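K.L.:
Sending over a structure as structure tokens; questions will come in a sec.
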Amino acid sequence: MEFLLVQTLNGISYGLLLFMLSSGLTLVFSLMGVLNFAHASFYMLGAYFAYQVSTTIGFWPALAIAPVLVGAIGMLVERWGLRTVHRYGHVAELLFTFGLAYLIEEAVHLVWGRSSVEYRVPPDLDGPLFTIFTSQYPIYRGFMMLVSVAMLVSIWLVLTRTRIGLVIQAALTHPQTVEALGHNVPRVFMLVFGGGAALAGLAGVIGGNAFVTEPGMAAAVGPIIFVIVVVGGMGSLAGAFIASLLIGCMQTFAVSLDWSLAGITIAQAAPVLPYLLMVLLLIFRPKGLMGTREG
Amino acid sequence: MRTTFRAAAFGAALAIAALGVQAQTIKIAYIDPLSGPFANVGEQGLAEFRYTAERINAKGGVLGGRKLEVIGFDSKSSPQEALNQLKRVIDQNIGYITQGNGSNVAGALIEAVNRHNERNPGKEVLFLNYAAVDPSFTNDKCSFWHFRFDANADMKMESLTTWMAANKNIKKVYLINQDYSFGHAVKKAAREYLSRKRPDIQIVGDDLHPIGKVSDFSPYVAKIKASGADGVITGNWGNDMTLLIKAGKDAGLNVDWYTYYAGGLGAPTAMGEAAAGRVKIIAEYHSNVANNKAARWDADFRKAFEKQKLDFYFLRGKIMWDMFARAINQAKSAEPKAVAYALEGMRHDGEMGEVEMRKQDHQLIQPLYVFTLHKSAAKGGPKEAKIDMEGSGLYPVTDARLEAFTSAQPTSCTMKRP
């Protein structure tokens with residue numbers, strides 16, 4: 001019972017972190033049709049910026065400043081890079097973001113070195129939140145869940161309850177009409193791309209100290225967030241949310257199972273399961289769980 | 001006038017040529033990751049080896065004035081890439097290579113070196129291995145052209161379990177390792193040696209996880225917790241180890257960690273206080289050993305690399321360089337074959353006691369230490385805990401010194417000598 005409860009909580013909190021990571025990616029894709037390969041790099045930048053800010057003025061300011069900085073970089077990238085490349089079609093965009101990911105990684109090497117940096121959980125959030133029978137549940141994981149849920153709610157509110165959200169939604173399906181109505185669609189795109197980057201940056205602030213802040217962190221999460229976006233349905237925020245929780249819980253529970261099949265235990269195969277799920281889903285339901293586009 | 005000028009020029013040219021021969025440097029190719037996820041590990045080794053070579057040169061080099069030079073070649077942690085680099089090394093007529101990161105890479109290099117040396121007598125290449133610990137390299141795959149200066153995975157486990165066997169508080173042990181050749185070797189040795197030395201210790205869990213792919217270890221930690229283990233043995237390195245230990249601390253997991261690689265190369269920085277009092281390491285050196293004859297060297301190194309926050313980590317690397325320089329002098333030649341014969345069976349007065357390059361299998365037999373990380377004075381530890389590993393707030397304390405004979409293993413090597 002204790003084990004089951006702890007694993008469920010672990011699964012949900014990991015799933016929520018995955019959601020923070022993938023929400024920006026799926027938003028950018030749904031609006032601009034750009035599959036941003038550099039998305040995980042923005043996550044890494046968020047962690048490094050938060051490290052830098054927290055060493056001088058503390059973690060709480062970093063929680064606000066780092067995502068804003070990453071968002072600003074995202075906007076610059078959209079304005080001076082992606083917008084020019086956009087003319088040459090989706091392949092060019094894809095290659096552009098692919099190259100960008102390498103550039104960001106090298107820049108991180110140059111500025112912060114190749115080793116991990118000392119980015120720690122702040123003392124106020126370090127310690128057990130509550131105890132389930134005999135297992136402690138860390139405050140920081142609770143905090144992670146809180147931020148993620150707050151993020152989901154605020155994205156949803158912005159998209160459905162604000163003027164800019166309505167313009168964004170309209171620009172998603174009818175860009176020409178929206179432009180004809182006098183809205184600056186390229187600027188909307190810039191904001192969305194920056195916003196997506198900022199969300200990844202926020203995930204970096206939270207994930208960087210929960211795990212390790214080092215130059216390989218972007219490459220480590222890159223594949224799994226693509227799996228989530230594909231499984232959830234390209235461009236569906238709700239889908240990404242469901243897929244994140246599903247994959248988080250699936251990986252967590254698979255680890256606990258010691259049943260073996262042909263000498264390989266399920267626990268051993270746990271990290272491969274999301275990819276298996278993606279392949280199966282692409283075969284049987286190509287648009288993903290909640291997606292609207294085919295293929 | 002003109003003739004004198006010509007004569008002078010000729011004389012000068014002769015002198016330069018003579019100097020060239022005399023001052024010809026001996027080059028050693030360092031083939032390890034200098035880019036990619038393990039670049040930090042590769043770069044630290046390179047920094048230490050360059051530092052050591054410079055010291056040897058400053059003291060007059062070898063063979064009465066010849067200098068040693070370390071040249072970095074990027075293996076990108078890939079056996080294929082390492083073989084490409086080996087070709088470049090051979091093209092540049094460099095007779096020595098050194099490598100340590102990844103037994104998969106070392107295995108490929110040993111085979112390639114064997115083949116090259118067989119086909120090109122007189123132009124041999126010698127492989128000095130400072131960290132690849134797959135036991136097979138000094139057993140069934142042993143080679144005359146390969147020398148290992150690190151204790152192999154079995155030797156470390158032998159010493160570690162000898163120490164564990166004496167600790168009656170250990171009752172239930174959990175094994176968690178990376179799913180590749182080295183992780184399997186650790187798992188196998190741990191099971192075998194524990195059941196031999198302490199059959200009453202229960203192995204309550206045995207996990208293999210994919211290398212470098214797990215970011216959230218909390219499910220594994222919950223599993224360890226549920227098993228009731230009081231100790232965890234892991235050969236994990238890099239993020240696989242630091243994330244595991246951090247996840248354990250977050251969940252309030254009350255176990256001792258028995259590790260191979262928590263003692264340096266960024267691990268103390270990444271673990272921080274999560275490691276204090278809990279993490280034990282088996283290795284040949286830490287900065288706080290008793291009667292530390294390397295203390296001066298250690299302090300000088302830290303000072304030289306203060307900005308990069310590098311600690312001196314590879315004592316076995318220093319021993320390797322010292323023995324290598326001695327072997328060249330003893331052989332009175334920089335020919336790899338002659339140096340290899342001089343290295344075989346060499347005894348050396350190492351900083352931690354006498355070591356021996358065993359002739360039979362080219363495995364260095366050396367004393368090892370089990371030590372625990374504690375909080376340093378900077379983070380509220382005792383006042384005398386001045387040493388701070390990588391500025392992480394951790395301070396190493398020896399639990400036991402295990403003499404060289406403890407870890408020495410029989411070998412199945414039947415070496416063919418040229």
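K.L.:
Tell me which residues, restricted to the range A:180-216, are open to solvent by less than 10 Å² (accessible area, probe 1.4 Å) and at pLDDT 90 or above.
P.N.:
Of everything in the range A:180-216, those that are open to solvent by less than 10 Å² (accessible area, probe 1.4 Å) and at pLDDT 90 or above turn out to be A:Phe193, A:Gly194, A:Gly196, A:Ala197, A:Ala200, A:Gly201, A:Ala203, A:Gly204, A:Val205, A:Ile206, A:Gly207, A:Gly208.
K.L.:
Now, a different point. Are there any pairs with C-beta distances below 6 angstrom linking a residue in the range A:117-131 that is of a type in the set (D, E, K, R) to a residue that is modelled with pLDDT of 85 or more, with the two at least 6 apart or on different chains, and if so which?
P.N.:
A:Arg120/A:Asn209
K.L.:
Hey, among the residues in the range A:251-285 that are touching a residue at least 40 places away in the same chain (Cβ under 8 Å) and more than 10 Å from chain B (Cβ to nearest Cβ), which one's nearest to A:Gly11 (Cα to Cα)?
P.N.:
Across the range A:251-285, the extreme among qualifying residues is A:Pro274.
K.L.:
So, in the range A:217-249, how many residues would count as being open to solvent by 20 Å² or more (accessible area, probe 1.4 Å) and either within 11 Å of another protein chain (Cβ to nearest Cβ) or without any contact (Cβ under 8 Å) to a residue 12 or more places away in the chain (or both)?
P.N.:
4
K.L.:
Collect the residues in the range A:56-84 that are open to solvent by 40 Å² or more (accessible area, probe 1.4 Å) and without any contact (Cβ under 8 Å) to a residue 60 or more places away in the chain, keeping them in residue-number order.
P.N.:
Of all residues in the range A:56-84, those open to solvent by 40 Å² or more (accessible area, probe 1.4 Å) come to A:56-57, A:60-61, A:64-65, A:68-69, A:72-73, A:75-76, A:79-80, A:83-84.
A:Thr56, A:Ile57, A:Pro61, A:Ala64, A:Ile65, A:Leu76, A:Trp80, A:Thr84 - these are the residues of the range A:56-84 that are open to solvent by 40 Å² or more (accessible area, probe 1.4 Å) and without any contact (Cβ under 8 Å) to a residue 60 or more places away in the chain.
K.L.:
So, in the range B:246-276, of the ones that are assigned to a helix (DSSP H, G or I) and among the hydrophobic types (A, V, I, L, M, F, W, C), which residue ends up farthest from B:Gln44 (Cα to Cα)?
P.N.:
The first filter runs over the range B:246-276 and keeps only residues assigned to a helix (DSSP H, G or I), leaving B:246-250, B:267-275.
Filter once more, keeping what is among the hydrophobic types (A, V, I, L, M, F, W, C): B:247, B:267, B:270-271, B:274-275.
Values: B:Ala247: 27, B:Ala267: 13, B:Ala270: 16, B:Met271: 18, B:Ala274: 24, B:Ala275: 22 Å.
The selected residue is B:Ala247.
K.L.:
What are the residues in the range B:215-225 that are at the interface with another protein chain (Cβ under 7 Å from one of its Cβ atoms), in a loop (DSSP other than H, G, I, E, B) and open to solvent by less than 20 Å² (accessible area, probe 1.4 Å), if any?
P.N.:
B:Asp216
K.L.:
Still on this model: Can you find, within the range B:186-214, the residue that is nearest to the other protein chains (Cβ to nearest Cβ) among those that are aliphatic (A, V, I, L, M), in a helix (DSSP H, G or I) and in contact with a strand residue (DSSP E or B) (Cβ under 9 Å, 6 or more places away or on another chain)? Talk me through it step by step, then tell me what you get.
P.N.:
Keep residues of the range B:186-214 that are aliphatic (A, V, I, L, M), which gives B:186, B:189-190, B:194, B:201, B:203-204, B:208, B:211, B:214.
Imposing the further condition that a residue be in a helix (DSSP H, G or I) reduces the set to B:186, B:189-190, B:194.
Filter once more, so that each one left must be in contact with a strand residue (DSSP E or B) (Cβ under 9 Å, 6 or more places away or on another chain): B:186, B:190, B:194.
Working: B:Val186: 16, B:Ala190: 17, B:Leu194: 20 Å.
Looking at residues that are aliphatic (A, V, I, L, M), in a helix (DSSP H, G or I) and in contact with a strand residue (DSSP E or B) (Cβ under 9 Å, 6 or more places away or on another chain), I get B:Val186.
K.L.:
Something else about it: Just name the residue that is nearest to the other protein chains (Cβ to nearest Cβ) out of those in the range A:100-150 that are hydroxyl-bearing (Ser, Thr, Tyr) and open to solvent by 30 Å² or more (accessible area, probe 1.4 Å).
P.N.:
We begin by selecting, within the range A:100-150, every residue hydroxyl-bearing (Ser, Thr, Tyr); these are A:102, A:115-116, A:119, A:131, A:134-135, A:137, A:140, A:148.
Right, trim to open to solvent by 30 Å² or more (accessible area, probe 1.4 Å) and you get A:102, A:115, A:131, A:134.
On the way: A:Tyr102: 11, A:Ser115: 4, A:Thr131: 8, A:Thr134: 8 Å.
Here the answer is A:Ser115.
The values are calculated or read from the model by the stated rules, or taken from the named source; none is laboratory data. Quick caveat, the model's predicted, so the values are computed rather than measured. Because the Cβ atoms are built from the backbone with ideal geometry, glycine has one as well, and the counts that use them run over all protein chains shown. Each accessible area value is taken on the protein alone, full model and side chains, heavy atoms only, with ligands, DNA and RNA left out. Shrake-Rupley method; radii C 1.70, N 1.55, O 1.52, S 1.80 Å.
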